[in-house]
1. Within the stretch 358-369, which residues are charged (D, E, K, R) and open to solvent by less than 30 Å² (accessible area, probe 1.4 Å)?
2. Consider only pairs whose beta carbons are under 8 Å apart and that are at least six residues apart or on different chains; among these, list those whose first residue lies in the stretch 218-236 and is under 23 Å from Pro163 (Cβ atoms) and among the polar types (S, T, N, Q) and whose second residue is open to solvent by 10 Å² or more (accessible area, probe 1.4 Å) and not in a helix (DSSP H, G or I).
3. Asp340 is checked against (1) assigned to a loop (DSSP other than H, G, I, E, B); (2) buried (at least 24 other Cβ atoms within 10 Å of the Cβ); (3) without any contact (Cβ under 8 Å) to a residue 24 or more places away in the chain and fails just one. What number does that condition carry?
4. Looking only at the stretch 145-204, how many residues end up being open to solvent by less than 50 Å² (accessible area, probe 1.4 Å), within 22 Å of Glu400 (Cα to Cα) and of a type in the set (S, T, N, Q)?
5. Select from the stretch 294-309 the residues that are farther than 24 Å from Gln273 by Cα and touching a strand residue (DSSP E or B) at 6+ places or on another chain (Cβ under 8 Å) and write down the one among them that is surrounded by the fewest Cβ atoms within 10 Å (Cβ to Cβ).
6. Counting only residues that are part of a strand (DSSP E or B) and surrounded by fewer than 16 Cβ atoms within 10 Å (Cβ to Cβ), which one in the stretch 87-115 is farthest from the chain's Cα centre (by Cα)?
7. So which residues in the stretch 337-383 are over 20 Å from Val97 (Cα atoms) and under 11 Å from the mean Cα position of the chain (by Cα), if there are any at all?
Amino acid sequence: MKKVVSTVLALILCSVFLFSYGFATTSDNQFKLTVNDNNVAVKYGVSPTVINDVVYVPAREALETFDADIKWNGETRSVDIKLNDVSVEVKINSNIVKVNSRPCTLEGKVIIKDSRTLLPLSFFSTVFGINIDIDESTKTLNVSTNIVDKDNVDININYLGGPSAVSLIKMLKDNPYLGKNVNANYEMLKQVSLIQANMLNKKADFIVAPTNLGANIYNKTEGEYVLADVYSWGVLHLSSTEDIKGWSDLKDKEIYLIGKTGTPGIVFSNLLQLNGLDINKDVKLVYLNSPQELATYMITGKATTAVLPEPVQTQVLMKNKNVKVVMNIQEEWAKKYDNDLGFPQSSIFVKKELADAHPEIVKAFLREHKGSIEWVNMNKEQAGIKGQELGIMPNAKIIENSIPRCNLKYMDAKDAKKATEEFLKILLDFNPKSIGDKLPDEGFYYEN
């Protein structure tokens with residue numbers, strides 16, 4: 001009985017903290033609360049601290065209510081917490097904690113303020129699985145004691161090998177903690193057609209896919225998958241053995257590329273037109289069947305100018321020293337569309353069913369993806385080695401050298417909406433079938 005009462009009190013405490021951040025509060029921190037639909041009046045002397053839009057909770061006051069074992073280590077400036085079957089290592093000034101030896105990314109760093117260790121609210125929700133029902137009309141929180149022991153949730157993540165998987169390297173390496181009783185299964189597929197089939201058949205919960213493919217599936221399935229984040233803002237570069245300084249130098253050139261009705265062909269054709277070149281008269285575009293065939297043409301000198309995607313761009317540069325990158329296609333796109341990013345080439349999509357049932361898992365996954373991208377950008381050599389071990393690409397050096405040109409930057413779907421809509425409109429004009437014959441509606445953009 002004591003354990004149940006302690007858990008209820010802890011849930012109420014965390015509820016108050018969330019409520020005080022999301023809604024208006026009274027001066028004495030009293031709120032209308034219900035536990036299992038029974039009214040409860042609770043008064044606490046310690047309020048949360050809000051820093052950079054993150055709610056922070058005094059660690060000891062909250063965790064001792066759980067009867068947790070808390071130990072402070074002054075030498076390492078860390079806190080060890082044990083509660084039932086969960087052991088957590090918390091380090092000051094880090095947003096990564098270890099839950100049963102697995103990393104878990106929080107929404108903000110653990111900090112010390114006024115001699116108190118403060119934890120972001122996501123620590124409690126992700127690590128301990130606290131769910132809170134909020135009735136905004138009556139400003140009532142209802143906490144259920146039945147949420148303590150959750151059923152196992154298995155989530156499946158599908159991705160392609162190659163550059164689209166580089167952003168996941170740290171997640172694949174660490175298998176981060178995504179929530180209590182959440183089991184993540186990562187599967188690498190070999191072909192885009194398999195990604196498409198699994199989306200149509202709803203076989204995966206998270207899928208890494210070209211942005212236009214996700215829009216296509218959304219339109220075909222009436223919204224079974226929604227855009228969760230955009231992370232790759234284009235991996236295309238114009239390379240040549242000739243002296244090319246600008247668009248005007250491309251006139252009368254023979255340019256090799258792939259994907260006439262896909263992203264590479266459409267993006268490059270659009271930029272040619274925006275820069276005053278007629279794609280039917282001023283240049284000769286030669287389309288090959290695969291990135292590797294394109295690489296072979298450039299390495300052997302059969303082609304002198306080509307639009308190369310990563311990682312074959314890096315492969316070509318390493319094997320033919322006469323080839324130089326003469327134009328960053330992403331930068332050229334950004335100039336024309338004033339978005340400072342490039343174009344949204346690859347994204348993470350989440351099954352709508354999972355997003356509706358377990359938004360806390362989606363939030364945890366996206367935090368981990370953002371952290372993985374940051375780690376990859378800052379640890380290129382380690383990412384290359386690990387990427388080769390994981391089978392993402394066969395050569396660690398190619399992965400390492402290609403990372404700066406993979407243009408990895410995390411952005412939530414809502415924040416990426418303007419750039420994504422612009423991109424999809426252009427694809428719709430050039431090849432309507434590439435996005436399912438229409439622009440996706442507002443429901444396409446998941447709000448994290």
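The values are calculated or read from the model by the stated rules, or taken from the named source; none is laboratory data. For clarity, every value in this text was computed on a predicted model and none was experimentally measured. So basically every Cβ, Gly included, is an ideal-geometry build from the backbone, and we count neighbours across all protein chains shown. Note: areas computed on protein heavy atoms with side chains; ligands, DNA, RNA excluded. Shrake-Rupley method; radii C 1.70, N 1.55, O 1.52, S 1.80 Å.
1. Taking the stretch 358-369 and keeping what is charged (D, E, K, R), we get 360, 363, 367-368.
The answer is Glu368, and nothing else.
2. Ser232/Gln345; Ser232/Ser346; Ser232/Asn407; Ser232/Leu408
3. Asp340 satisfies all of (1) assigned to a loop (DSSP other than H, G, I, E, B); (2) buried (at least 24 other Cβ atoms within 10 Å of the Cβ); (3) without any contact (Cβ under 8 Å) to a residue 24 or more places away in the chain except (2).
4. Matching residues across the stretch 145-204 total 2.
5. Start the filter on the stretch 294-309 by keeping residues that are farther than 24 Å from Gln273 by Cα, which leaves 295-302.
Now restrict to residues that are touching a strand residue (DSSP E or B) at 6+ places or on another chain (Cβ under 8 Å): 295, 297-298.
Working: Ala295: 23, Tyr297: 17, Met298: 26.
The extreme case among them is Tyr297.
6. Going residue by residue through the stretch 87-115, those that are part of a strand (DSSP E or B) are 87-91, 96-99, 102-105, 111-113.
Checking the rest, the ones that are also surrounded by fewer than 16 Cβ atoms within 10 Å (Cβ to Cβ) come to 87, 102, 112-113.
On the way: Ser87: 27, Arg102: 19, Ile112: 29, Lys113: 30 Å.
Looking at the filtered set, the residue picked out is Lys113.
7. Kept after step one, since they are over 20 Å from Val97 (Cα atoms), are these residues of the stretch 337-383: 337-359, 377, 380-383.
Result: Ser346, Ser347, Ile348, Phe349, Val350.
Each row is one residue, and each column tells you yes or no for (1) open to solvent by 30 Å² or more (accessible area, probe 1.4 Å); (2) modelled with pLDDT of 95 or more.
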residue: Lys253; (1), (2): yes, yes
residue: Leu257; (1), (2): no, yes
residue: Leu271; (1), (2): no, yes
residue: Gly276; (1), (2): yes, yes
residue: Lys281; (1), (2): yes, yes
residue: Gln292; (1), (2): yes, no
residue: Lys324; (1), (2): yes, yes
